[in-house]
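Below: one structure, written as structure tokens.
The values are calculated or read from the model by the stated rules, or taken from the named source; none is laboratory data. On a predicted model such as this, the values are computed, not experimentally measured, just so you know. Backbone-built Cβ (ideal geometry, glycine too); neighbour counts: all protein chains shown. Note: areas computed on protein heavy atoms with side chains; ligands, DNA, RNA excluded. Shrake-Rupley method; radii C 1.70, N 1.55, O 1.52, S 1.80 Å.
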Amino acid sequence: MNPVPTLEWTGDSLRLLDQRLLPGTEAFIECRDVETLACAIRTLAVRGAPAIGLAAAYGAVIAAIVTPPGSGFREGCRRLMRVLEATRPTAVNLFHCLASQERVLSAAENRAAAISGLLENARRLHDQDLAASAAMGRHGAALLPPDCAVLTHCNAGGLATGGLGTALAVIYEAHARGILREVYADETRPLLQGARLTAWEMVRAGIPVTVIPDSAAASLLASGRVNVVVVGADRIALNGDTANKIGTFSVALAARDAGVPFYVAAPVSTFDFATPDGSGIVIENRSAGEVARLGDTVTLASGAEVWNPAFDVTPAGLITGIICEHGVVSSPAETLRTQVDSGS
Ligand code: MRU
């Protein structure tokens, strides 16, 4: 599969495919300063947990480039990295990638070493993400039956990662193996990541895709037309409770009722070993405007309030398995236990 050009370091800037304009327009944003990048993350020009983390990792390089030399260099960089850290609260990849860059910054002897070390580390994280996607594709496709129909929610594809995807990496691999019949994509209100982005990726890859209103997912599952659900994640707590795009929990409930397996595909960079369960995951609330308007048309009765959480938490008990780069696990805690058992 040809990776999606989600984000690319050009030599002196971070080039982002502007996802706000898809599917109609394929245009790029050049980030040469931290505020442009922070705005791109906040407004979902770049989005999806792994892609946000990688964008911030390259953002730390930008922070070092724009911070003047001198005794305040490290503190200046850290101030800018904190701007990136404050962009979105739920996807844990953002915090993991910035913590990794902070370690590089602290260890660097001078500004030049910091810039080259931060860039090298951002590239390493990006390569790791691509390798994790390929591995998730293999582990996930091995779970699927022949002539399979898959339902997915939001966009967990190349656009949401370093270029290949998590849930969609499984779908791409199943397509390559000739075992995929079709994909159903929830449209994913209110920002339509399913209709705009997942469908764009599927069409680009030549995979048959049908977009459904989110409210049709339970009926579709009950109809028996779907063999398996595969979704991505923004943060997985130690016990396996999983934060993902709002509406994921409803799909998991409907899948349980219909007896359809429900898998989460996510790299270890999305695991939050420090949060015991889903109750500790911060859920981002977004603006009322995202719900109140469709394009330029106001769709909300004047005087009505809006509640617009961007994510929900699916309890671990509803998840058949978590597909990560190491295989299929029941929770991040299990990966820790496996490491302890194997002495690694
Ligand atoms: O608000 P978004 O578009 O950043 O939300 C993205 C999701 O919820 C994705 O499903 C998740 O990040 C998985 S990305 C591989």
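The residues listed here are P261, P309, P315; of these, the one that is touching a strand residue (DSSP E or B) at 6+ places or on another chain (Cβ under 6 Å) and either charged (D, E, K, R) or more than 16 Å from the ligand (Cβ to nearest atom) (or both) is P261.
For segment 269-279, state whether one or more residues are more than 30 Å from R124 (Cα to Cα) and of a type outside the set (K, R). Quick ask: steps written out before the conclusion?
First pass over segment 269-279, keeping only residues more than 30 Å from R124 (Cα to Cα): 279.
If we keep only those that are of a type outside the set (K, R) as well, we get 279.
Yes, segment 269-279 contains at least one residue that is more than 30 Å from R124 (Cα to Cα) and of a type outside the set (K, R).
Among the criteria (1) in a helix (DSSP H, G or I); (2) over 22 Å from G157 (Cβ atoms), the one E30 does not fulfil is (1).
Suppose the filter is buried (at least 16 other Cβ atoms within 10 Å of the Cβ), in contact with a Gly (Cβ under 8 Å, 6 or more places away or on another chain) and closer than 30 Å to G327 by Cβ; does A167 pass it? Working first, answer last.
On the way: buried (at least 16 other Cβ atoms within 10 Å of the Cβ): yes; in contact with a Gly (Cβ under 8 Å, 6 or more places away or on another chain): yes; closer than 30 Å to G327 by Cβ: yes.
Here the answer is yes, as A167 does meet what is asked.
Cβ separations smaller than 9 Å between residues 6+ apart or across chains give the following pairs from segment 297-313 residues that are within 14 Å of S287 (Cα to Cα) and charged (D, E, K, R) to residues that are modelled with pLDDT of 95 or more and surrounded by 11 or more Cβ atoms within 10 Å (Cβ to Cβ): E305/A288. D272 meets the conditions (1) more than 29 Å from A135 (Cα to Cα); (2) in contact (Cβ under 8 Å) with a residue 12 or more places away in the chain; (3) acidic (D, E) in every case but one. The failed one is (1). Residue pairs whose Cβ atoms lie under 8 Å apart, sitting 6 or more positions apart in sequence or on different chains, and linking a residue in segment 42-67 that is more than 11 Å from the ligand (Cβ to nearest atom) and open to solvent by 10 Å² or more (accessible area, probe 1.4 Å) to a partner that is at pLDDT below 95 and in a loop (DSSP other than H, G, I, E, B), are I65/D12.
Residues in segment 272-295 that are within 24 Å of H326 (Cβ to Cβ), outside any helix (DSSP H, G or I), open to solvent by less than 60 Å² (accessible area, probe 1.4 Å) and away from the ligand (no atom under 13 Å from the Cβ): D272, T275, D277.
Within segment 99-119, the set of residues being open to solvent by 10 Å² or more (accessible area, probe 1.4 Å) and closer than 22 Å to I41 by Cβ comprises A99, S100, E102, R103, V104, I115, L119. Just one of the listed residues (T6, T25, T10, T36) is hydroxyl-bearing (S, T, Y), away from the ligand (no atom under 16 Å from the Cβ) and either touching a residue at least 40 places away in the same chain (Cβ under 8 Å) or surrounded by 15 or more Cβ atoms within 10 Å (Cβ to Cβ) (or both), and it is T36.
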